[in-house]
Amino acid sequence: MILQMSLCAPGHSLLRFSSATFLKMSLRISSRKLSSAQIPKQEEEPGSRSPGRVYVRKKRVKRTEEITTVSTTAEPPEEKFSSLPDIEGVYERTNASSPLMDSPANWEEILEVIKHMRSSEDAPVDSMGCEKAGSFLPAKERRFAVLVSSLMSSQTKDNVTHEAVQRLHQNGLLAADAIVNANEATIKSLIYPVGFYSRKAAYMKKVAEICLTKYGGDIPSSLEELLSLPGIGPKMAHLVMNVAWNNVQGICVDTHVHRICNRLGWVSRPGTRQRTSSPEETRVSLQSWLPKEEWVAINPLLVGFGQTICTPLRPRCGECRINNLCPSAFKETSSPRSKTKKLGPGKTS
């Protein structure tokens, strides 16, 4: 009523204009109602400042996932090499030399006590280490078996490597010519579950071909030639030289020797007192002061010590007879995972 009076006062022309405008607005609202009737669900957003706007809740579309059927064959699962490290992991190929390091205090006493603790030879390395590979074979075949065992040993427990060597031997695949003629898939199935078995099987084929064509089925007799083989790093090369050729050119340093030497304070980075960051740094530092007559024995000695007493996680310091001489005794009791939870997400050092 108020609207009509206010519109009639100025004249009929304004009234006609307003009526037309009002008609158009009514048509628009009606068309919106008709189109909205076709939409299954409409809800006005609570607290909306525009009552004329219609909000439609979108339906969630379920994604369809393809189900891959897992094969039930005896073949090992396929490995993925997205950012796979080299077979020898953190080991570095280097010819770097380290300045002479002073002999650590009480190292001779510590070494003798460790030898006494290891006299029972109850560690896996004592019966299943790479040194034992092919011990029942003739010299030439044994050297190749030691090389193959060393290639598989990286990042793999001794018992797993030992069993893989046994399976290769039982199937007549512990010689260079046999491996060259064998199918790579067969080698993979025989050495599984060795760490990185797919890559190691490929390396094994390449190494066997080189040994067959260049060395008549034997293995290289120099450190440089061994290091040139696919998948062979300093740790493996020194072990093969020591065991297969009885030619001592360096210390075989694996993760056990690397860990224990740092815990004992026997090694350090050049010019500092900081721990060495890799087994290869440990080898160079350890060789700078350890008498050469101890170079061969130190590996199985400390590896077995690391498998039984000075373990990677929660070392058994209470059972260790050198805990009064070890600077790391009773200090490393938690696992890296628990430290990661305390520090938050991220890579551990």
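The values are calculated or read from the model by the stated rules, or taken from the named source; none is laboratory data. Quick caveat, the model's predicted, so the values are computed rather than measured. Cβ coordinates were reconstructed from backbone atoms using ideal geometry, including for glycine residues, and neighbour counts include every protein chain displayed. For the accessible areas, the whole protein counts, side chains as well, though only heavy atoms, and no ligand, DNA or RNA atoms are used. Shrake-Rupley method; radii C 1.70, N 1.55, O 1.52, S 1.80 Å.
So if we plug the beta-carbon distance of Trp107 and Arg269 into 1/(1 + (r/R0)^6) with R0 = 25 Å, what FRET efficiency do we get, rounded to 0.05? The calculated FRET efficiency here is 0.85. Each of Ala202 and Asp177 was given a label point 7 Å from its Cα along the Cα-to-Cβ line. The distance between the two points is 2.8 nm. Estimated at 0.36 nm per residue, the fully extended path between Ser221 and Glu209 surpasses their Cα-Cα distance by 2.7 nm.
Do the alpha carbons of any pairs in Lys132/Lys157; Lys132/Lys214; Lys157/Lys292 sit beyond 19 Å of each other, and which pairs? Before the final figure, lay out each step's value.
On the way: Lys132/Lys157 14 Å; Lys132/Lys214 26 Å; Lys157/Lys292 27 Å.
Result: Lys132/Lys214; Lys157/Lys292 exceed 19 Å.
Average accessible surface for the stretch 222-272: 31 Å² per residue, computed with a 1.4 Å probe over protein heavy atoms with every protein chain in place.
When you count the other C-beta atoms within 10 angstrom of each residue and take the mean per peptide, 289-298, 203-212 line up highest first as 203-212, 289-298.
Working note: Cα gyration tensor of the stretch 141-192, eigenvalues times five, square-rooted, sorted largest first, giving semi-axes of 16, 13, 9 Å. Under 13 Å from the Cβ of Leu325, count the other residues' Cβ atoms, weight Lys and Arg +1, Asp and Glu -1, and hand me the total. Net local charge, Leu325 excluded: -1.
Any chance you could check the Cα centroid distance between the stretch 198-255 and the stretch 300-328 for me, in angstrom? Value for the Cα centre distance between the two parts: 30 Å.
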